[in-house]
Amino acid sequence: MNDRRKRSSVYTMFSTLLQYPDRPTHKEVLERKPSEIWGQLAVTHKNGTQLPAIPTSWDSDSFMSYEEWLDVYKKAMPPVRAPLQAIESVHKIWSSDPSCEMPFKNQKGLLHGDAAHHLLAVYHEIGFEVPKSFADSPDHLVLELEFMGLLAEEADVATQLTFLEQHLDWVPSLIVDAQAKKAPELYIDLLRWIESFLELERTRLAVKA
């Protein structure tokens with residue numbers, strides 16, 4: 001597996017772990033699949049940066065049962081007032097467009113902001129289809145990670161770095177918000193793990209650029 005595919009696999013893994021848990025994914029966690037994917041990444045970072053360890057809560061030896069995982073997910077991302085709102089628009093001001101006359105343009109916490117509209121245009125341009133379950137949130141972290149996985153495998157360094165800087169720069173804000181709203185530690189640990197990888201990616205791509 002080449003370097004691009006290894007990095008793409010990590011993005012896909014994180015996207016999958018953030019989604020509604022299913023039994024096949026639970027089985028993969030127990031069988032150390034995330035550990036295998038993460039471990040393969042070590043050889044791609046040769047600039048002296050140490051690869052962070054997998055959070056203990058996601059270690060296969062101590063991972064919870066499928067029913068317990070499902071229960072934790074439902075507490076983290078229920079349909080109403082979720083303590084973990086993994087949507088870019090929610091964590092940024094609604095619009096920075098000077099021509100926008102909406103009275104709430106400088107507010108946060110709203111859907112369908114600049115990020116969502118920009119991503120819809122990008123997705124449409126390359127034929128990336130937004131699943132119906134994400135129709136109201138095309139800038140959900142699940143989709144952004146999946147899309148970044150495609151870029152890691154196919155796009156040039158500058159394009160990858162631009163996407164990281166424009167659309168994956170809000171994860172620290174998401175972590176702070178999730179902590180304040182007492183989201184389950186399992187998902188806070190996952191977000192920290194994701195952010196540690198994104199930091200490695202920014203450093204790595206910036207050096208190449």
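How many residues are at pLDDT 95 or above and touching a Leu at 6+ places or on another chain (Cβ under 7 Å) when one looks only at region 56-77?
Number satisfying all stated conditions: 5.
Can you give me the ranges of the helices (runs of 4 or more DSSP H) entirely in region 113-197 with at least 1 residues that are of a type outside the set (A, V, I, L, M) and under 30 Å from SER35 (Cβ atoms)?
Details: elements: 114-126, 141-154, 157-167, 171-180.
Correct list: 141-154, 157-167, 171-180.
Checking the condition in contact with a Phe, Trp or Tyr (Cβ under 6 Å, 6 or more places away or on another chain) and β-branched (Val, Ile, Thr), which residue from ILE126, ILE175, ILE194 passes?
Working: ILE126 fails: in contact with a Phe, Trp or Tyr (Cβ under 6 Å, 6 or more places away or on another chain); ILE175 fails: in contact with a Phe, Trp or Tyr (Cβ under 6 Å, 6 or more places away or on another chain).
Every option except ILE194 fails the conditions.
From the list LEU190, LEU164, LEU119, LEU143, exactly one residue is modelled with pLDDT of 95 or more, farther than 17 Å from LEU17 by Cα and not small (Gly, Ala, Ser). Which is it? Break it down into steps so the answer makes sense when it comes.
Values: LEU190 fails: farther than 17 Å from LEU17 by Cα; LEU119 fails: modelled with pLDDT of 95 or more; LEU143 fails: farther than 17 Å from LEU17 by Cα.
None of the others qualify; the one that does is LEU164.
With the structure loaded, tell me whether ALA183 is among the hydrophobic types (A, V, I, L, M, F, W, C) and either under 13 Å from the mean Cα position of the chain (by Cα) or over 22 Å from ALA82 (Cβ atoms) (or both) or whether it fails that test. Lay out the reasoning, then the answer.
Numbers: among the hydrophobic types (A, V, I, L, M, F, W, C): yes; either under 13 Å from the mean Cα position of the chain (by Cα) or over 22 Å from ALA82 (Cβ atoms) (or both): no.
No: the conditions fail for ALA183.
Being part of a loop (DSSP other than H, G, I, E, B) and either in contact with a Lys or Arg (Cβ under 7 Å, 6 or more places away or on another chain) or among the hydroxyl-bearing types (Ser, Thr, Tyr) (or both) is the requirement here; does SER89 meet it?
Numbers: part of a loop (DSSP other than H, G, I, E, B): no; either in contact with a Lys or Arg (Cβ under 7 Å, 6 or more places away or on another chain) or among the hydroxyl-bearing types (Ser, Thr, Tyr) (or both): yes.
So SER89 fails the test.
Considering only residues of region 147-174 that are acidic (Asp, Glu) and surrounded by 14 or more Cβ atoms within 10 Å (Cβ to Cβ), which is farthest from the chain's Cα centre (by Cα)?
Filtering region 147-174 down to residues acidic (Asp, Glu) leaves 153-154, 156, 165, 169.
Filter again for surrounded by 14 or more Cβ atoms within 10 Å (Cβ to Cβ), leaving 153, 169.
Working: GLU153: 17, ASP169: 10 Å.
Residue satisfying both the conditions and the ranking: GLU153.
Among the residues of region 134-153, which ones are free of Cβ contacts under 8 Å to residues at least 60 places away in the same chain and either among the aliphatic types (A, V, I, L, M) or more than 18 Å from LEU110 (Cβ to Cβ) (or both)?
Of everything in region 134-153, those that are free of Cβ contacts under 8 Å to residues at least 60 places away in the same chain and either among the aliphatic types (A, V, I, L, M) or more than 18 Å from LEU110 (Cβ to Cβ) (or both) turn out to be ALA135, PHE147, LEU151.
Tally the residues that are touching a helix residue (DSSP H, G or I) at 6+ places or on another chain (Cβ under 6 Å), in a helix (DSSP H, G or I) and exposed (fewer than 15 other Cβ atoms within 10 Å of the Cβ), restricting the search to region 198-209.
1
Collect the residues in region 32-51 that are among the β-branched types (Val, Ile, Thr) and either at pLDDT 65 or above or on the phi > 0 side of the Ramachandran plot (or both), keeping them in residue-number order. So that I can check it myself, show each step before the final result.
Initially, region 32-51 is screened for residues among the β-branched types (Val, Ile, Thr), giving 37, 43-44, 49.
Correct list: ILE37 only.
The values are calculated or read from the model by the stated rules, or taken from the named source; none is laboratory data. Here the structure is a predicted model, which means the values were calculated and not measured. Don't worry about glycine lacking a Cβ; one is built from the backbone with ideal geometry, like all the others, and counts go over all protein chains shown.
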